[in-house]
């Protein structure tokens, strides 16, 4: 049974490109079925803007599960974007609590 859910933000996704602690976490989760790692779609897309190719890297890691936006989340992000807030800001700061409530 899955007991722990961890949600990556954009800086953590960017850390996949060489941070030892994040790499160790990825490796360890391969052997711990009670831990599930989630990666929000917007966090991955923002990371790919900063580090092109990270989307492909995330897609190759079986232990990372994409967390899609549902309609209320997409609507909230779209409204914030229309109001002039960059799309990455609501997800990385305000969107993670929203994602955590999904569990």
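The values are calculated or read from the model by the stated rules, or taken from the named source; none is laboratory data. Everything numeric here is computed off the predicted structure, so don't read it as measured data. Backbone-built Cβ (ideal geometry, glycine too); neighbour counts: all protein chains shown.
Hey, residue 74 hits all of (1) surrounded by fewer than 16 Cβ atoms within 10 Å (Cβ to Cβ); (2) more than 22 Å from residue 4 (Cα to Cα); (3) at pLDDT 90 or above but one; which does it fall short on?
Here residue 74 clears every test but (3).
Hey, any hits in segment 37-54 for a residue that's without any contact (Cβ under 8 Å) to a residue 40 or more places away in the chain, assigned to a strand (DSSP E or B), out of contact with any helix residue (DSSP H, G or I) (no Cβ under 8 Å at 6 or more places or on another chain) and surrounded by fewer than 18 Cβ atoms within 10 Å (Cβ to Cβ)?
Checked segment 37-54: no residue is without any contact (Cβ under 8 Å) to a residue 40 or more places away in the chain, assigned to a strand (DSSP E or B), out of contact with any helix residue (DSSP H, G or I) (no Cβ under 8 Å at 6 or more places or on another chain) and surrounded by fewer than 18 Cβ atoms within 10 Å (Cβ to Cβ).
Please work out which residue is surrounded by the fewest Cβ atoms within 10 Å (Cβ to Cβ), limiting yourself to segment 55-71 and to residues that are in a loop (DSSP other than H, G, I, E, B) and at pLDDT 85 or above.
Among them, the one singled out is 60.
Against the condition crowded, with 19+ Cβ neighbours inside 10 Å, assigned to a helix (DSSP H, G or I) and in contact with a strand residue (DSSP E or B) (Cβ under 9 Å, 6 or more places away or on another chain), how does residue 13 come out, does it pass?
Yes; evaluated as a whole, the condition is true for this residue.
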